[in-house]
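The values are calculated or read from the model by the stated rules, or taken from the named source; none is laboratory data. Predicted, not measured: the structure shown is a model, and the values here were computed from it. Here the Cβ positions follow ideal geometry from the backbone for every residue, glycine too, while neighbour counts run over all protein chains shown.
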Amino acid sequence: TSEGSVDLSREANGDVMLLVRLRRDAAAPKDVTLGMACGAGCGGTLPFGDTLAGIDAGKWTTIGVPLKCFQKAGVDVSKVNEVFEISSAGKLDVALSQVKLGTVADKTYACN
C-alpha cells in the first residue's frame, strides 16, 4: 500500500461496512454522493440522496454502506487513503457524529 493508505481488502471480502451515524435536519438534495478515494485518479462514489431521504429527519441513524459497494464503484480497497467523502451541489443539512467500520447498522445501503 502507499504511504498514508490502509488496506481494507480483507474487510471488503467480509460483511464489513462503512458506518455513518448522522442526523438529517432538512430535505436531502437528490445529487448527494458518498465516496471513498484510493490515491490520485482512484476512487468511487455512490448515489446517497435517496438513502438520506429515506431516513427520518431529526433522528440519529447509523447507515451502513458495505465496502463491497465502494469496490464495485471503482475503489481499490487495498490502498484507501480517504475513507469518507460526502458531497452535494445543493445545500446539505446533516450532522455527523461518527464514521467507522463495523457490521451493525440501523439501515444498510443496498448496492447492485
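Numbers at a glance
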item: Filter result for the condition that a residue is in contact (Cβ under 8 Å) with a residue 24 or more places away in the chain, of a type in the set (G, A, S) and closer than 19 Å to C111 by Cβ, over G43, G39, G90, G58; result: G43
item: Leading residue by the ranking (surrounded by the most Cβ atoms within 10 Å (Cβ to Cβ)) among those in region 69-88 that are over 11 Å from C38 (Cα atoms) and charged (D, E, K, R); result: K72
item: Complete set of residues in region 42-55 that are in a loop (DSSP other than H, G, I, E, B) and either under 15 Å from N81 (Cα atoms) or of a type in the set (F, W, Y) (or both); result: C42, F48
item: All positions within region 30-41 that are surrounded by 16 or more Cβ atoms within 10 Å (Cβ to Cβ) and either part of a loop (DSSP other than H, G, I, E, B) or out of contact with any Gly (no Cβ under 7 Å at 6 or more places or on another chain) (or both); result: V32, T33, L34, C38
item: When residues of region 13-29 are limited to those that are assigned to a strand (DSSP E or B) and closer than 16 Å to D50 by Cβ, the one farthest from the chain's Cα centre (by Cα); result: R24
item: Residues of region 80-111 classified as of a type in the set (K, R) and either in contact with an Asp or Glu (Cβ under 7 Å, 6 or more places away or on another chain) or in a strand (DSSP E or B) (or both), total; result: 2
item: Conditions (1) modelled with pLDDT of 95 or more; (2) part of a loop (DSSP other than H, G, I, E, B); (3) within 16 Å of L8 (Cβ to Cβ): number failed by V65; result: (2)
item: Filter result for A28 (touching a helix residue (DSSP H, G or I) at 6+ places or on another chain (Cβ under 9 Å) and either farther than 17 Å from A105 by Cα or of a type in the set (F, W, Y) (or both)); result: yes
item: Every residue from region 89-112 that is under 16 Å from T62 (Cβ atoms) and touching a helix residue (DSSP H, G or I) at 6+ places or on another chain (Cβ under 9 Å); result: V94, L101, K107, Y109, A110
